[in-house]
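**Student:** The structure under discussion is supplied below as structure tokens; questions concerning it will follow.
The values are calculated or read from the model by the stated rules, or taken from the named source; none is laboratory data. Quantities reported herein were computed from a predicted structural model and do not represent experimental measurements. Heads up, the Cβs are rebuilt from the backbone with ideal geometry, glycines too, and the neighbour counts pull from every protein chain shown. With ligands, DNA and RNA removed, areas are computed over all heavy atoms of the protein, side chains included. Shrake-Rupley method; radii C 1.70, N 1.55, O 1.52, S 1.80 Å.
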Amino acid sequence: MRAVLVSVPGDEPRVHTLADPVPAAGQVVVDMLYAGVNPIDVWIARGELGSAVPFPHVPGCEGVGTVDDVPVALVAPGLGRGRPGTYAERVVVGAGEFVPLPAGVDPVQAAGAKTAGLTALEVLQTGGLTSEDVVLVLGASGGVGSFAVQLAKNAGARVLAHTASAAKSEAVAELGADRVVTAAAPELLAAAVGDDRPTLVLDGLAGDWTQGAAAAAAEEARIAVFGTSADRRLTLDARTLYGKRLRVQGGNRPKPPADVLREDLAGLLSLMAEGRVRVPVTASLPLGAAAQAHASILARTALGKIVLSVRD
Ligand SMILES: NC(=O)c1ccc[n+]([C@@H]2O[C@H](COP(=O)([O-])OP(=O)(O)OC[C@H]3O[C@@H](n4cnc5c(N)ncnc54)[C@H](OP(=O)(O)O)[C@@H]3O)[C@@H](O)[C@H]2O)c1
């Protein structure tokens, strides 16, 4: 089969011909159609997760394929980390590690739904979202941000969608946020937000953006941190923290069992089937363009998700 391989940390992802995977008892082979591309694939390919990921390494933690000709979306935890990922024509998963694709759901969009969608769901849950919240989503043009804006709106909250890029504002507005907040640098965030102070911030950027969000936030706001797109460290002025009695929290939940993951993904796919959530897909690229897809994440040229078309 054709699969993308990263031979050693930092090497460019390239297509190779590998042996077809052989399923063990209780496993099935998925014939892949589309694989979603995520920042975690990029961090792993660059070697940032250290020895947790063995090399050579097939990236890809999500995607859509067929099992016995039935279209399915994968929920298998650890794909593209401790086990070969979805940038491949065939992947082996456990019999309970996928959900059927509902009728009417675009498989390209569905391929980009699991990681970003479940993360958005999770961070809104751990952040304690209510319909009374004013939610500021940092990096709303990205995969998680796009889902978070739509899910928070569906829950009845007021949503401020942030982008650092004026060129992306229009596309971000189409996600349905109440306001698009364009701030190219963290120190511009508070002025851009103005009196519309968020009570819940979804922070997938970290670095100085966390302090920017703290300066913009309402008193007693929660700042749920779940990503490191700007930096692995975050800055916070202690006076802002205690003066406003802010709560800064990790956005992840304890690792849920497989049935919860299946249920959550099935719920997201149902929302997509009903037209209540969509996945903006910037580009559907051939498998051989994995390196270009990774570069695009780093260069921030993507809007929403990038998906690899595995059979092209
Ligand atoms: N905790 C978890 O379980 C979990 C799960 C999934 C993802 N994540 C993390 O969450 C973050 C977001 O994931 P994603 O899939 O939404 O990523 P993404 O699609 O690459 O979107 C990230 C967005 O953040 C903005 N951004 C990127 N780099 C930036 C920088 N240096 N400074 C300011 N803004 C920047 C960009 O928006 P503009 O260019 O419009 O400003 C971009 O659209 C990533 O760090 C990812 O690793 C964590």
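**Student:** State all residues of the range 281-296 that are modelled with pLDDT under 95 and within 14 Å of VAL310 (Cα to Cα); if no residue qualifies, say none.
**Tutor:** Passing the criteria: ALA283, SER284.
**Student:** Going through the range 181-192 one residue at a time, which ones are within 16 Å of the ligand (Cβ to nearest atom) and closer than 24 Å to GLU132 by Cα?
**Tutor:** Across the range 181-192, the qualifying residues are VAL181, THR182, LEU189, ALA190, ALA192.
Quick grid of which residues meet (1) closer than 22 Å to ALA190 by Cα; (2) open to solvent by 80 Å² or more (accessible area, probe 1.4 Å); (3) over 17 Å from the mean Cα position of the chain (by Cα):
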{"site": "GLU220", "(1), (2), (3)": "yes, yes, yes"}
{"site": "THR228", "(1), (2), (3)": "yes, no, no"}
{"site": "ASP231", "(1), (2), (3)": "yes, no, no"}
{"site": "THR240", "(1), (2), (3)": "yes, no, yes"}
{"site": "GLY243", "(1), (2), (3)": "yes, no, yes"}
{"site": "ASN252", "(1), (2), (3)": "no, yes, no"}
{"site": "GLU263", "(1), (2), (3)": "no, yes, yes"}
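**Student:** I would also like to ask the following. So which residues in the range 214-249 are within 16 Å of the ligand (Cβ to nearest atom), farther than 19 Å from VAL134 by Cα and small (Gly, Ala, Ser), if there are any at all?
**Tutor:** Matches in the range 214-249: GLY227, SER229, ALA230.
**Student:** Is it the case, given these coordinates, that ALA190 is over 25 Å from LEU298 (Cβ atoms), at pLDDT 95 or above and in a helix (DSSP H, G or I)?
**Tutor:** Taking the combined requirement at face value, the residue satisfies it.
**Student:** I've got another one for you. Could you please find all residues in the range 250-295 being over 23 Å from THR126 (Cβ atoms), touching a residue at least 40 places away in the same chain (Cβ under 8 Å) and hydroxyl-bearing (Ser, Thr, Tyr)?
**Tutor:** The answer is SER284, and nothing else.
**Student:** If ASP195 satisfies all but one of (1) surrounded by fewer than 18 Cβ atoms within 10 Å (Cβ to Cβ); (2) near the ligand (Cβ under 9 Å from one of its atoms), what's the number of the condition it fails?
**Tutor:** Looking at each condition in turn, ASP195 falls short on (2).
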